[in-house]
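Contents: one structure, followed by commentary.
Each value in this text was obtained by applying a stated rule to the coordinates, not by laboratory testing. In this text the structure is predicted, and so the values were computed from the model without any measurement. Methodologically, a virtual Cβ is constructed for each residue, glycine included, from the backbone with ideal geometry; neighbour enumeration extends over all protein chains shown.
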């Protein structure tokens, strides 16, 4: 016993009392329930497969987390008190000897031979304050969905294995189970609970790197951008034969009629879908990330039902109230009623797309958009030919059938998505097989949750359409009240900025739409994982990708505005039409940026703030609309729209920066590089376009050739500049770098 009176030292063999006796054995020995010889004899029996039969040891094993006060009664030997260590830190110093084969695994505890009553009480109090090594971080979100600071769950007393690489993650004081630290990530649960929604959040490993996220966003954006761009391109190219069949006499009136009907249709469609496709995509992404397949299916089926009912109601309202909405124009009544059929079925199409986008099947969604446009354009041109060329009606009939084509296009898109779902049955079966068993959400709560999220989505998402409707209902009144232009001149002005230029600039905006549809589910996944750094990186990457595509596209369109306008329209209003198109191309950057930023907020669940931004945009538009329209006439509404969206974007990005501590320095460098080379491209392409326009005739084929030559030069200039800078590699990844390495210069 002489050795026992000495303070323990690192690396010193303390004999059976220090290292080889477990807590249970020490307790039994101190309570005089077993002698040392009996304990050693019991160990030998353990080695041959027998278990200890001592009453005290059995009782301790039944309640490993509870320690009786009597079981830690201090030894009253005065000699021990004199040799007590000076500090608890020295007392609790671990022993580094490896466990022997003939001994049990032990946990480091306070040495009962050295601790007095005061130290025992202090040790118990201190041990309650020690946080568990495996305490889980629980990401919580406020009412708007933004992430709060992570909170620790209730700590449990840690138990260590002296001299080994093991840590007990589950049991408390006195337990004998051990877990290998090298396999700790496989043993511990990765689930936490969102304190607001009650949804479980599955923690993901750190292997989710930013490069993988950027690659996935780039690939998804490519598919959605190609689909959206192809759809918009078809929607613009049809104008060439359509205008030719309508004729120069009626094409401006037909364009104006088409635009007036479509502005109302766009708002009705937003109401019919209620923003549910975006909400559905976000919820599918969240629940699939947590392997909750049954909840994914529940959300999908409820969305289909809700979308069908809302489509029916919106179509009925559009058909019955076409008269008041038309402001007394009977031709507009016919167009609005023809569009009510499309409003009936498009919500179902939107839900199918949202479901597949939630699983990030962007290629399938893009294909459905393309097929939808092919069928729509084919029906439109076919009916226009039958009416105008074959002589079976008037230009009004042709316009009505052209708008009715949206119904047949929507049916074709639905057919494509249904076939895709059937072909992906194997994938969904695997998802179901690997899903976790979780209870379904109460249907009423689910519908309430979706409605609560969809209202901000529908309002904020319809900002562009709302401002266009505002132009439709205010422009004519402002021009009649404050100017002396004729009715035909006002109609031509409205057609130039609301239809002619809008059709072409929507090609640029479609690039942003594809990125937005990709960013939304990816940010929803990042939010469900609770990783603020990934969220911050994805925000900056999305805006960087937007800048790299939208800015050169807008400047390029402005540079080739004249041949582009002549390709699609005619020379009757060439000068004003080209000026409006050039300015509208710059406006498209603000509209595209708004679409992407809105998707970022929706993916992060911060829907309430988007309503504030919408109110600010609408307020700025209302204030600026009248004076700018009086001063700049046909360009006034575009200028008011640009300024209004710029104000809203500034506030939205400022709010994101304050929430996620975004570092804008790398983005600013990329933005300056992109802007510089885009301006260089614009400065080179503009004189080339002007020179070619002087020497070439104003035929459609000649204008197409000018666009190909000048546009091709611009693509080469900007493309090579991005290839030779770090910006291209940062945005487009390692494959882009390999392409750069192959360049001969």
Cα→Cβ-extended label distance, 7 Å offset, between residue 657 and residue 33, nm: 6.7
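Rank the residues 635, 493 as a footprinting-exposure proxy: fewest other Cβ atoms within 10 Å of their Cβ go first. Could you put the intermediate results ahead of the total?
Values: 635 22, 493 25.
Least crowded to most crowded, the residues run 635, 493.
What percent does the relative contact order of the stretch 575-682 come to when contacts are Cα pairs within less than 8 Å and at least six residues apart? It would help to have the intermediate numbers written out before the result.
On the way: 57 pairs, mean separation 32.2, N = 108.
Relative contact order, the stretch 575-682: 30 percent.
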Once you have the Cα-Cα distance between residue 327 and residue 237, take 0.36 nm times their residue separation minus that, and quote the gain in nm to one decimal. 29.4 nm
Quick check on the exposure proxy: order 684, 332, 509 from fewest to most C-beta atoms within 10 angstrom. 684, 332, 509
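Between residue 477 and residue 433, what FRET efficiency follows from the Cβ-Cβ distance if R0 is 60 Å, with the result rounded to 0.05?
Values: r = 62 Å, r/R0 = 1.03.
E(calc), rounded to 0.05, equals 0.45.
Counting other C-beta atoms within 10 Å, which of 501, 658 has the fewest, and how do the rest follow? Spell out each step's value before the answer.
Working: 501 29, 658 9.
Neighbour counts put them in this order, fewest first: 658, 501.
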Once R0 is set to 35 Å, what does the formula 1/(1 + (r/R0)^6) return for the Cβ-Cβ distance between residue 612 and residue 680, expressed as a FRET efficiency to the nearest 0.05? 0.40
Hey, how much of the P(r) for the stretch 238-444 falls beyond 31 Å, as a percent of Cα pairs? 30
The stretch 374-520 - Rg and Dmax from Cα coordinates, angstrom: 22.7, 71
